[in-house]
1. Between residues in region 162-180 that are on the phi > 0 side of the Ramachandran plot and surrounded by fewer than 19 Cβ atoms within 10 Å (Cβ to Cβ) and residues that are part of a helix (DSSP H, G or I) and at pLDDT 95 or above, which pairs lie under 8 Å by C-beta distance while being six or more apart or on different chains?
2. Taking the options 122, 144, 128, 181, name whichever one is over 21 Å from residue 68 (Cβ atoms) and modelled with pLDDT of 95 or more.
3. Could you please give the count of residues in region 51-67 that are more than 13 Å from residue 5 (Cβ to Cβ) and touching a residue at least 12 places away in the same chain (Cβ under 8 Å)?
4. Give region 147-176 a look and list any residue that's in a helix (DSSP H, G or I), under 29 Å from residue 45 (Cβ atoms) and either in contact with a strand residue (DSSP E or B) (Cβ under 7 Å, 6 or more places away or on another chain) or modelled with pLDDT under 95 (or both), or say none.
5. Name the pairs whose Cβ atoms lie under 9 Å apart, with the first residue in region 140-152 and farther than 19 Å from residue 190 by Cβ, the second surrounded by fewer than 13 Cβ atoms within 10 Å (Cβ to Cβ), and 6 or more positions between them or separate chains?
6. Within region 143-170, how many residues are within 17 Å of the chain's Cα centre (by Cα) and farther than 30 Å from residue 56 by Cα?
7. Give all pairs with beta carbons closer than 6 Å in which a residue from region 68-86 that is within 12 Å of residue 56 (Cα to Cα) meets a residue that is assigned to a helix (DSSP H, G or I); count only pairs at least 6 apart in sequence or on separate chains.
């Protein structure tokens with residue numbers, strides 16, 4: 001079983017089992033209260049699933065794309081929880097979870113995932129079906145585009161206000177079973193350069 005967390009858009013927490021699926025999932029689309037709700041959501045989700053931390057085999061976390069402030073809350077919480085229970089951290093691209101949730105419903109195979117990147121920009125990824133291991137096939141992205149310049153797409157567009165942590169966890173389970181971990185680097189996907197860069201420092205003279 002895995003605890004799964006994503007704060008790339010809203011805040012979502014889930015407990016998943018490879019055979020049992022999503023045991024419990026809860027969250028909020030509020031993109032401004034990640035730090036306030038993350039701890040409570042973790043506790044509530046574990047309790048509702050009837051799972052003790054010691055029963056978990058790892059912690060899956062959405063790595064974005066997403067705004068810096070919100071995204072780092074979920075990643076920091078996931079890392080701290082994984083360290084606390086002595087289990088591995090499993091990074092997963094957040095847009096993949098949205099696409100997977102849509103593609104497993106049996107609907108159209110072409111999916112465009114769009115999330116708010118702030119500053120009048122959107123983050124966009126495109127997918128075409130599932131591969132033989134049940135993982136979504138990303139054909140483009142993630143990339144940043146101006147709000148009114150999302151590429152035309154021949155398929156289903158999903159504007160996600162919240163990334164389902166259940167999808168994050170199930171992708172991690174599927175990838176583990178197929179021996180395809182990691183699905184993402186252990187680095188947050190921000191898609192833009194940081195606002196602040198290290199200073200070159202002042203030259204010291206005597």
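1. No pair meets every condition.
2. Answer to the check: 128.
3. 7
4. Passing the criteria: 165, 166, 168, 169, 170, 171, 172, 173.
5. As it stands, the answer is 148/120, since those pairs meet every condition given.
6. Residues flagged as within 17 Å of the chain's Cα centre (by Cα) and farther than 30 Å from residue 56 by Cα within region 143-170 amount to 4.
7. From residues that are within 12 Å of residue 56 (Cα to Cα), the pairs are 85/53.
The rows are residues; the columns are (1) farther than 20 Å from residue 170 by Cβ; (2) at pLDDT 95 or above; (3) under 14 Å from the mean Cα position of the chain (by Cα).
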| site | (1), (2), (3) |
| --- | --- |
| 30 | yes, no, no |
| 83 | yes, yes, no |
| 87 | no, yes, no |
| 90 | no, yes, yes |
| 110 | yes, yes, no |
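The values are calculated or read from the model by the stated rules, or taken from the named source; none is laboratory data. Not measured: the values here are computed from a predicted model. Reconstructed Cβ throughout: ideal geometry from the backbone, glycine too, with neighbour counts over all protein chains shown.
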